[in-house]
Amino acid sequence: MVYCEVIVDIAHSDVDKIFDYAADCPVEAGTRVTVPFGKSTTTGFVMRVKDTTDCPPDKLKKIYRADDYPAINAECLSLAKKIAARYRCPLALSLRLFLPAEMRTGRVAESYRTYARLADTDYIPSPRAKAQLALMEYLSEKGEEDAARLREKFGSAVNALAEKGALILEKRRVLRDPYKSVTEIKKERVLTPAQETAVKTVLETDKTVTLLHGVTGSGKTEVYLTLIAKALEEGKTAIFLVPEISLTPQMLSQLRARFGEWAAILHSGLSAGERFDEWQRLRSGEARIAIGARSAVFAPLENIGIIVIDEEHDGSYSSESSPRYNTFDIALLRAQHNRGKLLLGSATPSVETYRRARDGEFGLITLPDRINARPMPTVEIVDMRREVKRGNPSPFSARLRERLEACLESGNQAILFLNRRGYSQTVICRDCGFVAKCKDCDVALTYHSEEDCLKCHYCGTRYKMLPACPDCGGVHIGYVGTGTQKVVSELKKLYPAARILRMDVDTTSGKEGHYKILSRFAKREADILVGTQMVAKGHDFPFVTLVGILDADMSLHFPDYRSNERTFQLVSQVAGRSGRAEETGEVVLQTYDPENYILRFAKDYDYGGFYEHEMTMRAATMFPPFAKIVRVMVTGEDEKETLEALKGVYTRLQTVYCAHADDFLFFNRMHAPVKRIQKKFRYQVLMRITDTKVLKEIYDAALAEKYKNVLVYVEENPSNLS
Ligand code: ADP
Ligand code: ZN
């Protein structure tokens, strides 16, 4: 008899502790088990196996069922513990990160495969049974093979030999497939000298983390793929993280072409069964590269040689649900544990990352030029105030129209970028100033012309269009601001012959929404692609020679300490979509603030200048990376209860503040900028700290008490402060 320390898969702090169970047969740590719990049964995870227990024999219960393999390997088990401790969440919750959700809900079955090998007999098929003879010869050389594959090759000979007892068929859980060799990997392109140096630097450095700072189109992807191939050749595994996998179909097809079945793609668009199979292939060693968005950092891999985080500056790398981990932190722990490398790539690294690279903590590789010395697109800044003065109310400046017409005439493609979906931003009564707002969220509604309705972009609720103002009865309803729908309808008026595609949240629902639009554009079934920031990410369309940024000010004046950085990144990324092949690209950037230094730096592709300027600002104002922003959110449907909870949280945090006042730059409670989302009132205690040692106490204080109808959570440097 052995004893197992089990964590039950119930994410509640009351049961967030070890329970001892007995097991008849040996069970490994990390194995999923079914156990009796209270009056019912539940699943759980074996954290540790031991020979003795303090649990009195009459209380000790037995494990009902155990998987025949540990779903969570030793490294991940210890990582789950670290995450639970770091972000103060129940262990059950951090363990869940390591499994595909469908495994918990039991909606998928484990896959089995039948393997065939020769039996120890003297049986010899008749000389006429050619297939049987060939099969026996094949297996005597190969030892063992997947029966399904054999049936493809040898047809009914498989079953014939099995009936004669010459072949043993054995059904096994698909755990590993040792019969594939790495030689299937296709030969890579010839690297440019700069790419060669980049690869060599990563291979030879003794630093765990390296930043690859390469302009858009400098060939970063090829560097990643070469390093991943090298890891595989050494018998190691790799993780390749991208911000949003559905936005990069080209990247996926490259990976498939290069690595074939070695790559497992963890993709939210997959069905439950598919996702589970990909996970199983990684767990079993059948696949050795995990590709996906941030959650792929938890891939069940061992012996990780390299982890790549592409577009490392992207906001999607911080989790927005508990535990609110940062992907970089997890990737670093995994790289360190496996003695592997962590490679961060970006054309516009976050200033936090760049600072660590410049200070020598991370390695730094720069690719300053595009492949084949292609020029960067020229960026022209257009002053929209002059357009207004000239009496041009449309979203397009005269200059943009001129360039667009030239682009269409030459048969090339254009991308127009606008970070606002829908038709118009707000609907306002011109008589009394009434603004239509969501009844569950404290935000203005957006008019959507296609459905002729108003939509809340925070909760998705639709409202009927207002025939008259509900406040004053006035009928002069105005539409303020421009969204992607309006841009498309204006374009259609201006260029009836142009073929236009729109890509935003409203056009990309469904499993292949992004893919369909992007592949149609890639096949040149459209001349103009209009979209939100989705169009900015990593696409490589060779025929795009013009990019129009319709309203560069939108993100610039967002009330967030990162808004300068975001704007610089966004402009550089969108601009980077232009002129990627033979013809030089151009960018027309429209703004009401043409002297803005951020836009100037972006125009000149001057990351260094931007960085210096931004760091001076951040140092002067003491914002990250010179301090850390910590926000404790308190949200609930009942305002009184929420305020009650806020009071408790605030009082406890105040004790921390008073004890460490020197480590705080700011400490206060207030409404969150968006006061209500999805019926929930939102309050926050906002802090700015200079020493992270107080973090632990902040978490303890914030989460010390559980409230019945109020949710409390802690965010560190949140990527969204609304
Ligand atoms: P990045 O990821 O830095 O934006 P990409 O990896 O997309 O750049 O590369 C830009 C373009 O250059 C792509 O079309 C790619 O196919 C091409 N490319 C990359 N490396 C090479 C190479 N060594 N030789 C020829 N073309 C290359
Ligand atoms: Zn709403």
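Assign one of three labels to the chain, namely rounded, prolate or oblate, based on the Cα gyration tensor with a ≥ b ≥ c the square roots of its eigenvalues; rounded applies when a/c is under 1.5, prolate when it is not and a/b is larger than b/c, and oblate otherwise.
oblate
Only helices at least 24 Å long along their axis, Cα-based, and averaging 1.0 or more on Kyte-Doolittle count here, so list those DSSP H runs from the chain.
Numbers: long enough: 639-659 (30 Å, -0.26).
Span-like helices in the chain: none at all.
Just how far, in whole angstrom, is segment 572-624 from segment 15-80 if you go by their alpha carbon centroids?
Cα centroid of segment 15-80 versus Cα centroid of segment 572-624: 54 Å apart.
What percent do you get for the relative contact order of segment 527-657 when only Cα pairs under 8 Å and 6+ apart count?
About 22 percent, as a whole number.
Once you charge only the Cβ atoms, +1 for Lys and Arg and -1 for Asp and Glu, what is the size of the charge dipole of the chain about its Cα centre, to the nearest 20 debye?
Values: 103 positive and 97 negative charges, 205 e Å.
In total the dipole reaches around 980 debye.
Between R385 and H476, what is the FRET efficiency for a Förster distance of 22 Å, r being their Cβ-Cβ separation, to the nearest 0.05?
Between R385 and H476 the formula returns 0.25.
Where the centroid of each part is defined by its Cα atoms, how far is segment 200-259 from segment 441-510 in Å?
40 Å
Go through segment 308-402 and name the trypsin sites (Lys or Arg not before Pro) that are in a DSSP coil and have 15 or fewer other Cβ atoms within 10 Å of their Cβ.
R324, R339, R390
Which value in deg cm²/dmol, rounded to the nearest 500, describes the helix-derived mean residue ellipticity at 222 nm for the chain, given -39,500 (n - 2.57) per DSSP H run of n ≥ 4 and division by the residue count?
-9500 deg cm²/dmol
How high is the relative contact order of the chain, in percent, with contacts defined as C-alpha pairs under 8 Å that are six or more residues apart?
10 percent
With a ≥ b ≥ c taken as the square roots of the eigenvalues of the C-alpha gyration tensor of segment 312-446, please select rounded if a/c is under 1.5 and otherwise prolate if a/b is larger than b/c or oblate if it is not? Show your work: numbers first, answer last.
Details: a/c = 3.04, a/b = 1.39, b/c = 2.19.
In terms of gyration-tensor shape, oblate.
Starting from the Cα gyration tensor of segment 593-635, take the square roots of the eigenvalues, sort them a ≥ b ≥ c, and report rounded, prolate or oblate (rounded when a/c is under 1.5, otherwise prolate if a/b is larger than b/c, else oblate). Before the final figure, lay out each step's value.
On the way: a/c = 3.11, a/b = 2.00, b/c = 1.55.
The shape class here is prolate.
Taking the beta-carbon count within 10 Å as an exposure proxy, list F521, F45 from fewest neighbours to most.
Result, fewest neighbours first: F521, F45.
Between C453 and residues 5 or more places away or on another chain, which pairs have amide H atoms under 5 Å apart, with H built 1.01 Å from N, and which residues are they?
For C453, whose amide H was placed from the backbone, the distant partners under 5 Å are H448.
Scan segment 278-380 for GluC sites (Glu not before Pro) in coil per DSSP, keeping those whose Cβ has at most 14 other Cβ atoms within 10 Å, and list them by number.
E320, E361
Where a number appears in this text, it was derived from the coordinates with a stated rule and is not lab data. Quick caveat, the model's predicted, so the values are computed rather than measured. In this analysis, Cβ positions are derived from the backbone assuming ideal geometry, glycine residues included, and neighbour counts consider all displayed protein chains.
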